[in-house]
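FYI, it's all coordinate maths here, none of it is from the lab. Only a predicted model underlies this, so the values are computations on that prediction, with no experimental measurement involved. Neighbour counts run over all protein chains shown; Cβ positions are idealised from the backbone, glycine included.
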Amino acid sequence: MDPVGRFLVVGLGNPGPGYAKTRHNAGFMVLDRLAEEEGLVFREKQDALLAEWGPGWLMKPLTYMNLSGRAVAPFVRKKGIPLDRLLVVHDDMDLPLGRIRLKRGGSSGGQRGVASIIEALGNAGFDRLRIGIGRPPPGVDPVPYVLSPFTPEEWTILERALKAAAEAVRVWKQEGLSAAQGRFNGLDLRGEG
């Protein structure tokens, strides 16, 4: 039961099989995992894939990363979703692989999908779940890095991060941001086990 009513969880990524396993699609991966665990089905509606989840929705925009706001803002307005019940799940180079972090508001941190949503909403006061992907090696341009696939070694760590992130979304949905922050912001999922 969700006492606070309707909500929206947005996973950021780029559509199409060529991007499916790339670092930039960590947000899509979290929502895919949640949908599988919760028995939810995504259906295409306008600029997004949507899955109903109780009184709320999971959304994967089909606009490509840099235009995510085009899918998110009209849906938020149409459904009357309060900003404190909007959670955007996205990759973050400023966090190491194996770390996840929840926060409310602030800048986009250079994440263009988040920047597009802030611009389209005219407000930055929504919640974010950042999935660490780490920085590119020295001399490697960030753009090809985020669009490249995870290595087999990285997948081992990523699987743990995706599992924790899916659970963090559940806690956020049921108990709110503070509870999710308390349980997940300090986790380091890089170790064994």
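Can you tell me which residue in region 152-193 is nearest to residue 82 (Cα to Cα), limited to those that are among the aromatic types (Phe, Trp, Tyr) and touching a residue at least 24 places away in the same chain (Cβ under 8 Å)?
Filtering region 152-193 down to residues among the aromatic types (Phe, Trp, Tyr) leaves 155, 172, 184.
Checking which are touching a residue at least 24 places away in the same chain (Cβ under 8 Å) leaves us with 172, 184.
Numbers: 172: 14, 184: 23 Å.
Checked region 152-193; the qualifying residue nearest to residue 82 (Cα to Cα) is 172.
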Worksheet item: Can you name every residue in region 120-134 that is surrounded by 14 or more Cβ atoms within 10 Å (Cβ to Cβ) and either in contact with a Phe, Trp or Tyr (Cβ under 9 Å, 6 or more places away or on another chain) or of a type outside the set (A, V, I, L, M) (or both)?
Response: 123, 126, 127, 128, 129, 130, 132, 133, 134
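Take region 1-31 and flag every residue that is among the charged types (D, E, K, R) and assigned to a helix (DSSP H, G or I).
23
Kindly indicate which of 80, 56 is surrounded by 19 or more Cβ atoms within 10 Å (Cβ to Cβ) and either small (Gly, Ala, Ser) or at positive phi (or both).
Numbers: 80 fails: surrounded by 19 or more Cβ atoms within 10 Å (Cβ to Cβ).
The match here is 56.
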Worksheet item: If residue 143 passes every condition in (1) surrounded by 14 or more Cβ atoms within 10 Å (Cβ to Cβ); (2) in a helix (DSSP H, G or I) but one, which one does it miss?
Response: (1)
Worksheet item: Of these, 178, 107, 148, which one is over 14 Å from the mean Cα position of the chain (by Cα) and closer than 21 Å to residue 19 by Cβ?
Response: 148
Worksheet entry | Pick from region 1-53, criterion over 15 Å from the mean Cα position of the chain (by Cα) and under 20 Å from residue 128 (Cβ atoms), ranking: surrounded by the most Cβ atoms within 10 Å (Cβ to Cβ) | 53
Worksheet item: In this structure, is residue 153 in a helix (DSSP H, G or I), surrounded by 14 or more Cβ atoms within 10 Å (Cβ to Cβ) and of a type in the set (Asp, Glu)?
Response: no
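Take region 92-107 and flag every residue that is crowded, with 17+ Cβ neighbours inside 10 Å and either farther than 23 Å from residue 163 by Cβ or touching a helix residue (DSSP H, G or I) at 6+ places or on another chain (Cβ under 6 Å) (or both). Even if it seems obvious, please write down each step before you answer.
Of region 92-107, the ones crowded, with 17+ Cβ neighbours inside 10 Å are 92-93, 95, 97-102.
The answer is 97, 98, 100, 102.
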Item to complete: State all residues of region 21-56 that are within 22 Å of residue 79 (Cα to Cα) and among the basic types (Lys, Arg); if no residue qualifies, say none.
Response: 43, 45
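Looking at region 113-151 only, could you name the residues that are in contact (Cβ under 8 Å) with a residue 60 or more places away in the chain and over 18 Å from residue 67 (Cβ atoms)? Can you show your working first?
Initially, region 113-151 is screened for residues in contact (Cβ under 8 Å) with a residue 60 or more places away in the chain, giving 113-114, 117, 129, 131, 133, 145-150.
Passing the criteria: 129, 131, 133, 145, 148, 149, 150.
Here is a yes/no grid of residues against (1) aliphatic (A, V, I, L, M); (2) in contact with a Leu (Cβ under 6 Å, 6 or more places away or on another chain); (3) closer than 13 Å to residue 99 by Cα:
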site	(1), (2), (3)
131	yes, no, yes
139	no, no, no
149	no, no, no
160	no, yes, yes
181	no, yes, yes
184	no, no, yes
Discussion item. What pairs come out if I take residues in region 17-28 that are under 16 Å from residue 154 (Cβ atoms) and pair them with residues that are of a type in the set (Phe, Trp, Tyr) whose C-beta lies under 8 Å away, six or more apart or interchain?
Written reply: 20/28; 21/150; 22/150; 23/145; 23/150; 25/19
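I'd like the full set of residues that are of a type outside the set (S, T, N, Q) and touching an Asp or Glu at 6+ places or on another chain (Cβ under 7 Å), limited to region 60-83. I'd like the intermediate steps shown before the answer.
Going through region 60-83, the residues of a type outside the set (S, T, N, Q) turn out to be 60-62, 64-65, 67, 69-83.
If the condition is that a residue be of a type outside the set (S, T, N, Q) and touching an Asp or Glu at 6+ places or on another chain (Cβ under 7 Å), then 61, 62, 69, 70, 71 are the ones that fit.
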